[in-house]
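Here the structure comes first, spelled out in structure tokens, and everything after it is commentary.
The values are calculated or read from the model by the stated rules, or taken from the named source; none is laboratory data. Computed from a predicted structure; not experimentally measured. Here the Cβ positions follow ideal geometry from the backbone for every residue, glycine too, while neighbour counts run over all protein chains shown. The area values use the complete protein model at the heavy-atom level, side chains included, leaving out ligands, DNA and RNA. Shrake-Rupley method; radii C 1.70, N 1.55, O 1.52, S 1.80 Å.
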Amino acid sequence: MAQVEFIEAMGDGDGARRAAALFRERYGDDPEGVWAAPGRVNLIGEHTDYNGGLCLPIALPHRTYVALAARDDTTVRAVSDIAPETVAEAELNGLVAGGVDGWAAYPVGVAWALRDAGFGQVRGFDAAFVSCVPLGSGLSSSAAMTCSTALALDDVHALGFGGDDAGRITLINAAIRAENDMAGASTGGLDQNASMRCTEGHALRLDCRPGLDALGSAEQEPFDLGRYGLELLVLDTRAPHQLNDGQYEARRTMCERAAAILGVANLREVADEVNAADDPQRALDDVLARLDDGTMRRRVRHVVTEIGRVDRFIGAFARGDMKEAGALFNASHDSLRDDYEVTVPELDVAVDVARAEGAYGARMTGGGFGGSIIALVDAGESERIAQRIADEFARRGFRAPRALPAHAAAAAQRVR
């Protein structure tokens, strides 16, 4: 059997050097700086962000680096190390939502969104991207690209939003609009908040209720795996992963319809009532009985129970109860598989093998329909368990998976 591949993070020095070198090769000059933003793993709280719920992401050490310089006109040129010979080009003047095709829609969309929000001083730019966040892995390579671009544009145009958590909300909103409106890939905001707001050694308890300010929407929760002799295995199944094929949007729309039927603004209101009830299961059953559609009942059941699992996981991890923390991981995945129906065979097989090989718990992470799993394992076990999953994938004829060493890293920042 082939040895499983572990994808190491570049490190800021190497990433900045490579991005600047690509910039010079393509544009013949030096960039104004290099900025980086991380991919993310969501520990628990999946498909809850667009329902006003709770999420618990960490930033990965794997980052996207952008070397960037502002232009005097409104032309955007962008190149990536994925295809270093091809420079994409777009014009900001007259640009409308959906007006850019391909991957360049993400960085161009950030500038478009900032200009549309009233920051007319944002002009065109030249950019070169280098990344070690695996594409299509469900680890939010797109948010790493949009957030690094947003921070770079904030810096070169002295917008003044990148220096604190509250200010970064403006940049996060531009990154979200770039994905939703320009690239057409629906997102609820979890990924961008994680990429811009996570801190080293902590998970971000993100409260997505509408109307909360920066202080009210996020809390830093300690996430020190070493304290408990643990590792977090992140395994990219390499199953095709796309969120712009209508499946994500269909679930989001159904949740909005369910909220309207139940007479609430979003399913968070239902979740808070159910999870605070003396008998949460009975309260949930009463809610579901008001919905006639079986698929809608399953979708709502996942969202309500998943929101409740977030604070329970935080509490279990804080007191070192890894049996409970792992059980919550397992319940989350099973709900995503059976009620929300966003897993694929590769995700389910990887989770099953990780559990059988001794993980405290394992679950898919991200939007689903492909992508990655995470498993809470004893220190020193990640490589063995990843290899067992790779062996089973080979037996079933799946593509060979890749693994990532993971810890709770820092958010987007200027690195050069």
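Tabulated data
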| quantity | calculated |
| --- | --- |
| Chymotrypsin sites (Phe, Trp or Tyr not before Pro) lying in DSSP loop within the stretch 317-348, provided at most 14 other Cβ fall within 10 Å | none |
| Convex hull volume per residue for the stretch 286-373, taking Cα atoms only, in Å³ | 96 Å³ |
| GNM result for the chain, Cα springs below 10 Å: residue of 65, 27, 360 fluctuating most strongly | 27 |
| Helical contribution to [θ] at 222 nm, DSSP H n ≥ 4, -39,500 (n - 2.57), averaged over the chain, rounded to 500 | -13500 deg cm²/dmol |
| Cα centroid separation - the stretch 336-357 against the stretch 178-230, whole Å | 24 Å |
| Rounded Å value of the spacing that divides the Cα centres of the stretch 283-322 and the stretch 1-53 | 33 Å |
| Under the span-like rule (Cα at least 30 Å along the axis, Kyte-Doolittle mean at least -1.0), DSSP H helices of the chain | 294-318 |
| Ellipsoid semi-axes in whole angstrom, largest first, where each is sqrt(5λ) of the Cα gyration tensor of the stretch 340-379 | 19, 10, 7 |
| For the stretch 213-318, size of Cβ-based charge dipole, Lys and Arg +1, Asp and Glu -1, in debye | 400 debye |
| Label assignment, Kirkwood radius over Cα pairs in Å derived from the structure, set (1) 27.6; (2) 24.5; (3) 21.6 | (3) |
| Carbon/sulfur fraction of accessible area - the stretch 5-223, other protein chains in place, 1.4 Å, % | 46 percent |
| Computed Kirkwood radius, in angstrom, where 1/r is averaged over Cα pairs of the stretch 226-406 | 17.3 Å |
| Equivalent ellipsoid, the stretch 5-223 (semi-axes from 5 times Cα gyration tensor eigenvalues, Å) | 26, 20, 15 |
| Dipole in debye (nearest 20) - the stretch 5-223, about Cα centre, beta carbon charges: Lys, Arg +1; Asp, Glu -1 | 160 debye |
| Solvent-accessible area of residue 103 with every protein chain in place, 1.4 Å probe, in Å² to the nearest 10 | 90 Å² |
| Carbon and sulfur %, accessible surface of the stretch 226-406 computed with the full protein complex present, 1.4 Å | 44 percent |
| For the chain, the longest site-free run once GluC sites (Glu not before Pro) in DSSP loop states with at most 12 other Cβ atoms within 10 Å are removed | 86-416 |
| Gaussian network model of the chain, springs between alpha carbon atoms under 10 Å - residue of 154, 101, 278 with greatest fluctuation | 278 |
| Simple Cβ-charge dipole of the chain, Lys/Arg +1 and Asp/Glu -1, about Cα centre, in debye nearest 20 | 280 debye |
| Residue-normalised accessible area of the chain, given per residue in Å² at a 1.4 Å probe | 38 Å² |
| From phi via Karplus (6.51, -1.76, 1.60), per-residue ³J(HN,Hα) for the stretch 397-404 in Hz, x at Gly/Pro | x, 7, 4, 5, x, 10, 10, 10 |
